[in-house]
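The structure appears right after this line, and notes come after that.
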């Protein structure tokens, strides 16, 4: 009898537990790919950022609209020369195991990020910190030379190489998240395993089944835990967007972080108000070789750029209304204002084509000597549709286009080696600042696939980044951007949009240019 | 029998070694590297990464590192997963893949054999045509077409079953993916069973059984089924190795964990360690399954046993 009642009790308790968990508000997010790691210093994708930003928090964090707000630091001051930032940490901040988060944790984390032995992909995003680049390149071996110092447990001082107006924005990036020194030192590489991992964000990971999902639950040690309306989230791995949409329709997902563009019409009719398409700080562009081949001639580059009918690509070829790009920096980028535009932006398309034809003839091409261009893209339905359309737009100029597609790794390998005439590329901003886009066109930068090089441009960017006055800096950048556009350094095509589908029961989801939506700002109506 | 099995296993070692060696070097011939992507990494970072994974050493030295680690049972790191190495990833995915694969395998055999037998017994009559036509659907339509249709009908329209995911691993989550995986094999097994059963039913010993007055059900179950299974068994080896290595399509459409996606994704990502790891795993599995098929042969056919 005793045995029976004990068993019964256990069952009843388990039942009650189940009933409880059914009431807990869990967010089911379609997250795309499988994360590479839960270690914030080992990441590079937006699907990894979604998890990392929920479980870790840097000195500065983002609000629902991705404005920087105090995170683990409650306040900070900047020295007059713009080089030294002093952060005061919040009182009572703790890791999920109850240990305090100290300035020492941040020092340890930044040193670990720059340590060449740790081989962090994205370490270069924090190269603005004093000696960071030299340490990461192995030129300085003493990690203590890094410009990140703990004055005491609550005060952190970061010294920069140059005054960097976007530094606070860059601190929102996951490379600036702290890792728990006490756990990393005790457990080594295993610190990040489920069961061992300790985090300081609003949530903590409790389960990870590769290929299926990562589960997080509320971190009770988090200073804002009482305000969290969602008790936990499941980040599902699913790369098939059609399947994801079906699961959303069946109520298995609350948020889709992408959707098939050809379903947009259908969704607007059948799921009104649920598909969010919003400007996103990213640029879809074509690399154009300015060093060799016919495109080394500026006139050819400009003609090809002018003949692209950008107005039809978003609405008609993609169907999601991406806006045509006539600038290099997407509008709405912080610290910038209105970007510079190509001079022929507002001409009617017919006139652009006529001028383009003239330019091609001037460059010495014509019916007797037709221009042949190789257009490379990485295999993908949308890239293909756009390439086919653009090849058709270039046809009236007498340009023979050969379309060449390759899988992603091969495509970018070719671009990197400069084995390209015209090639597809894209850029999503890491932090909200024009520098993130403009530096792509600097001489010798790995991502400058077209090898465009202009000493004046380089100088303007360098000087701009040393300029403390944001207005003057923006002017210098705009001058540089105009230089690049006038010389057709690359062919901007459209600005990316973020594509989310959000269930009507979710509130607090704010569209923003970085497409970052932390779970802590959301709530679910049952 | 045991020494036969042992010899068979031993003979796979040189095959395995040749495959690993060929795979190791051929992989490196493919253009593009593991760290190429939309964002080019600065040279210093690439240097750090290469050093971290020993990719900065001469290729032949990397090969010796790999083989000596392999002999110790270490399949090495995966470039696409920091937190799980190659062996860990395979171990994590295996239970899911095996659960799906074995269920689909059993289902395919049960449906295939049953439909095949019925078809043979009612040869060229209504049940034969109807079942034959139904099963042909499973063979003809590819899984990437069948899967979304089933999701739409049973997951959304009727809302009987979850559209995808593993959930808690309960039966309702398995139904759709297992059916998608089993259908083509059930179809093929039924065709093989039907043909072979028709042949067996015309043999003299069946005529004898019938003449003795044994009913049709007993004739089939006791006398015809076993010899009719010979060609089916030879198909089961490849079918099992196909099902147990997982399915990229089923895993990606239903969002299931498993090893089916590893091989293709690893090859696309130039995840050298993972490609080699899956190749080794597949080879071991295929050798093992073929061995089982041979043993099953011996059990079914005394002629093989006594050879």
Pairwise centroid distance, computed over Cα atoms, of the range B:15-50 with the range A:342-413, Å: 33 Å
Dimensionless Rg ratio for the range A:278-390, taking C-alpha atoms and the 2.2 N^0.38 Å reference: 1.15
Taking only Cα atoms of the range A:97-255, radius of gyration then Dmax in Å: 18.6, 56
Burial order of peptide ranges A:138-146, B:90-98, B:247-255 (average beta-carbon count within 10 Å, highest first): B:247-255, B:90-98, A:138-146
Shielding score for A:119-131, defined as the mean number of other chain Cβ atoms within 10 Å: 3
Size of the range A:440-526 as Cα extents on the principal axes (Å, biggest first): 59, 30, 22
Per residue Cα convex hull volume in Å³ - calculated over the range A:58-99: 87 Å³
Cα-Cα separations in the range A:333-411 greater than 15 Å, expressed as whole percent: 68 percent
Gap separating the Cα centres of the range A:130-170 and the range B:239-307, nearest whole Å: 50 Å
Cα-based equivalent ellipsoid, the range B:149-206: semi-axes from gyration tensor eigenvalues, Å: 37, 12, 8
Least to most buried among A:442, A:114 (fewest other Cβ within 10 Å first): A:442, A:114
With Cα atoms, 0 to 90° folded angle of helix A:103-114 axis to chain A main axis: 40 degrees
Principal-axis tilt of helix A:2-23 within chain A, Cα atoms, nearest 10 degrees: 30 degrees
Other protein chain Cβ atoms within 10 Å, averaged over every residue that makes up B:51-59: 1
Nearest 10 degrees, 0 to 90: helix A:455-466 Cα axis against chain A principal axis: 30 degrees
Order of B:144, A:87 - criterion: other Cβ atoms within 10 Å of each residue's Cβ, fewest first: B:144, A:87
Residue-averaged [θ]222 nm for the protein assembly as shown, counting only DSSP H segments that reach four residues, each worth -39500 (n - 2.57): -14000 deg cm²/dmol
Inter-chain Cβ neighbour average for residues A:240-252, partner chain, 10 Å: 6
Debye log10 I(q)/I(0) for the range A:27-75, one point scatterer per Cα, at q = 0.19 Å⁻¹: -0.69
Share antiparallel - DSSP beta bridges, chain A, percent rounded to 5: 75 percent
Hull volume in cubic angstrom per residue (convex hull over the Cα atoms of the range A:45-151): 132 Å³
Neighbour-count ranking [beta-carbon atoms within 10 angstrom, fewest first] of A:44, A:372, A:498: A:372, A:44, A:498
Ranked by how many other beta carbons lie within 10 Å on average, peptides A:185-194, B:108-117 from highest: B:108-117, A:185-194
Centroid-to-centroid separation of the range A:181-213 and the range A:496-526 [C-alpha atoms, Å]: 26 Å
Cα gyration tensor, the range B:1-97 - rounded (a/c under 1.5), prolate or oblate: prolate
Mean shadow area of the range A:173-326 over all directions, Cα convex hull, nm²: 14.9 nm²
Candidates B:268, B:256, B:41: whichever shows maximal mean-square fluctuation once chain B is modelled as a Gaussian network with Cα springs under 10 Å: B:41
Rg/Rh (Cα only; Kirkwood hydrodynamic radius) as it applies to the protein assembly as shown: 1.02
For the range B:225-307, the spread of Cα positions along each principal axis, largest first, Å: 49, 26, 15
Residue with peak Gaussian network fluctuation, chain B [Cα springs, cutoff 10 Å], from B:70, B:243, B:183: B:70
Theoretical FRET efficiency, 1/(1+(r/R0)^6), r = Cβ-Cβ of residue A:151 and residue A:270, R0 45 Å, to 0.05: 0.20
Using a Förster distance of 51 Å, the FRET efficiency for residue B:29-residue B:211 (Cβ separation, nearest 0.05): 0.15
Distance between modelled label sites at residue B:9 and residue B:130, nm, 7 Å Cα→Cβ extension: 4.9 nm
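Where a number appears in this text, it was derived from the coordinates with a stated rule and is not lab data. All of these numbers come straight from a predicted model, not from anything done at the bench. Ideal geometry is used to build each Cβ from the backbone, glycine not excepted, and the neighbour counts take in all protein chains shown.
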